[in-house]
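The values are calculated or read from the model by the stated rules, or taken from the named source; none is laboratory data. Just so you know, these numbers come straight off a predicted model, no measurement behind them. Because the Cβ atoms are built from the backbone with ideal geometry, glycine has one as well, and the counts that use them run over all protein chains shown. For accessibility, only protein heavy atoms count, side chains too; no ligands or nucleic acids. Shrake-Rupley method; radii C 1.70, N 1.55, O 1.52, S 1.80 Å.
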Amino acid sequence: MKITESLIERLFKLNLQSRLVVGFLIATCLTGLFATIISVWTINRSTIAEVQNRVRQDINTAKLIYNGTLQKITSLIQFTAEGSDLREPVTGQDIARMGHLRGLIRKGTDPQFQDNHLFLDMITIVDNGGNVLYRAGNPEIRGDNLLQDPFVRNCIEKKTPLSSTELMSIESILRENPALSERAKTHIIKTPLAAEITEDKLSEGMVMRAAYPIMNKQKKLLGILIGGVLINKDNAIVDQIKETVYHGEKYNGREMGVATIFQGGVRISTNVMTKDNRRAIGTILSKEVYDQVIREGKDWVGRAFVVNDWYITTYTPIFNMDKTLIGVLYTGILEAKYRDIQWKTIWINLGITTLGMIIAFIISLRLGNTIITRIRMLKEATEAIASGNLDYKLSPDKISGFDMLDEAFNYMSRSLKDHDDQLQKMHQQLAKTEKLTALGEMAAGVAHEINNPLGGILLYSNLVLEDIPEDSPARENMQKIVYQTNRCKEIVQSLLDFARTPTGDMLPLQINQAITTSLKLVRDQSMFHGIEIETHLAENLPEVIGDRSRLEEVFLNLFINAADAMKGSGKLSIVTGLSTNNGIRIFISDTGKGIDEEHLSHIFEPFFTTKEPGKGTGLGLSIVYGIIRKHNGTIDAESEPGKGTTFIISLPAYRGKYSGMDDDVFYS
Ligand code: ADP
């Protein structure tokens, strides 16, 4: 637990990219592992279970073949006993007439049951007292009594045919047929994992036996015919099982299916091979199978280690006539094929997992790279914006999937910039207003002070002028004084206008009308002769509250300035419309010389002029500014030197409720 905790802790301390990589790798590794376990488990469940089912059926087939062989021996004995009519020779103990039975004894040392299915290893005729009349496998020995043989005794007592697998001592087997000496002797081979068996060789052999009573017509028992086949080292049955059940199928050069007959726990007939490719005769059953099948007499189904490999097996006990367990019948399928499938699946899964991990590694590495690059870019962009570079933009990267973030960032920087621009504009406006207000106050003060003395000068100079005779040369000078004083008065009046901007009645009016009236006044003047006038006056504009004559003065001033700037040729255009906040906007543009940038912020100041002395007073635009402010509006100028200038006036719309204008807006 501690180790995993510290591992997780360490993982969280890694940088983002390593965390991504490790996370991806763990995820794919776990998925792969899980998939492997699941598929192996599924294979185990489905395949191995199916194979076990199959071997369960196989043992039934094996039993059928085993019993079929016993049945064949029984039929052969019955056929011989009845067919060759042994009654007379038995009654008359005529051995010569029994000699033909020798033909049924098979010859050769390595018999194959299939080839010799009509041959037996032993045939004996006994009389009704159990005395041997004739031994086809060993005719020299006769006259001995076989009543101590339970199988013979049983048949004599019951007078019925018998057949079963029995153990016979090697001695009695050899007495029946000395040629069996090689097959009857089995040396026990001790192997690891095998059950504990102390003997070195078997003292008995396993024989499939059949006995048939020979009766006379009065149903009196005359004797019996006994025949048998020694199973030891006779591989006919197991090979037939192998061929019938497994069709001799091979896997990697080894038999897929095998069968064995055990005498006790020792293999006496088998097609399980040892490493040196000999039949594993004499080898011993594994301990666990021995304990379950031989000790407890139960079937065994499952994995078992057989000689030198693992098999999926079934073992079933073989009983003799007395229901005593004398041997075991076995069938098994080589597990290697299924184990190989299992390993193959594991390897394939591991391969896929490794491939997945490699892909995950590459993807997470690239992904991590992209994320980190983008984060770095975002960090740089944020720092740029923080240091005041509001124009900084991220180029949207559609491929990496961060375009949403980029767009959001750009949107943020854009609105920051908009707000900043607005703030700066407002700041400038405020500064301009403050400056113009201060100037206005000063101008008003000065004008006030000068106005009265100027009135005095004018009054007295007029009085003096009246007294000067017509022909006096001083009269002309006096007239100049009066003229210049009047001019001074006009300027002072203009100053007062700019400062206090007296207005007449403020009434609702159509701004388009005021513009048209002003245009009519100037249109025919010589300075407008070469100038094209274009108007786009929006219809159905709301009214504004204002002093008509003062507003006309504004337009006149602007038109005359425009004409001045165009020097007799160009285009004056006047556009009216609604502004975004539902006020009224007026654009007055000319194609004149324009205003230099350094002058643009000063044009509304009183006495600012670029005209030669005597030509302009520099009061025109400041009066315009004063009037517009008085109407709660704003005026601005945009200009491109050499191309022209546009004045933009905004005025609030009259919405039907007039409660009088603030008389002192300008100074408020
Ligand atoms: P004045 O016309 O007596 O110079 P104004 O206050 O009317 O005084 O104008 C101030 C200055 O603004 C002008 O001297 C001129 O430089 C500049 N100006 C005003 N209107 C325009 C215009 N339409 N085009 C170019 N410059 C202009």
Sorted peptide list for 60-69, 173-182, criterion being average Cβ within 10 angstrom, highest first: 173-182, 60-69
Any lysines with Cα under 29 Å of the Lys287 Cα? List them, leaving off those in the same chain fewer than 8 positions away. Lys63, Lys185, Lys190, Lys201, Lys233, Lys242, Lys250, Lys275, Lys298, Lys323, Lys337
Please list the non-local residues whose amide H lies under 5 Å from the amide H of Asp144, H modeled 1.01 Å from N, same-chain partners needing a gap of 5 or more. Val132
Integer Hz, Karplus 6.51/-1.76/1.60 couplings in order for segment 288-296, x for Gly and Pro: 5, 5, 4, 4, 7, 8, 7, 6, 9
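Taking each full run of DSSP H in the chain as one helix, which ones are at least 20 Å long along their axis (Cα atoms) and have mean Kyte-Doolittle hydropathy of at least 1.0?
Within the chain the helices that satisfy the rule are 16-43.
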Output for segment 235-338: trypsin sites (Lys or Arg not before Pro) sitting in coil per DSSP, at most 16 other Cβ within 10 Å, listed by number, reads Lys275, Arg278, Lys298, Lys323
At 222 nm, what value in deg cm²/dmol follows for the chain if DSSP H runs of at least 4 each add -39500 (n - 2.57) and the sum is divided by all its residues, to the nearest 500? -15500 deg cm²/dmol
Under-5 Å amide H pairs with Leu619, H placed in peptide plane, nonlocal only: Phe607
Candidate lysines for bridging to Lys220, where Cα separation is under 19 Å - those fewer than 8 sequence places away on the same chain excluded: Lys158, Lys159
Order of 186-193, 138-145, 581-588 by packing, highest average Cβ count within 10 Å first? 581-588, 186-193, 138-145
At most 12 other Cβ within 10 Å, DSSP loop - chymotrypsin sites (Phe, Trp or Tyr not before Pro), segment 368-462: none
Using +1 on the beta carbon of Lys and Arg, -1 on that of Asp and Glu, and nothing else charged, what's the dipole of segment 276-327 about the Cα centre, debye to 20? 60 debye
For the chain, what is the accessible area per residue in Å², given a 1.4 Å probe and the full set of protein chains? 54 Å²
Roughly how much of Ser46 is accessible, in Å² to the nearest 10, using a 1.4 Å probe? 60 Å²
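Let me check something: with ligands and nucleic acids excluded, how do Ser203, Ser163 order by accessible area (1.4 Å probe), largest to smallest?
Putting Ser203, Ser163 in descending order of accessible area: Ser203, Ser163.
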Counting other C-beta atoms within 10 Å, and keeping those with at most 14, which DSSP coil GluC sites (Glu not before Pro) do you find in segment 480-582? Glu539
Count the lysine pairs in segment 518-654 whose Cα atoms sit under 26 Å apart, keeping only pairs 8 or more residues apart in sequence or on different chains. 20
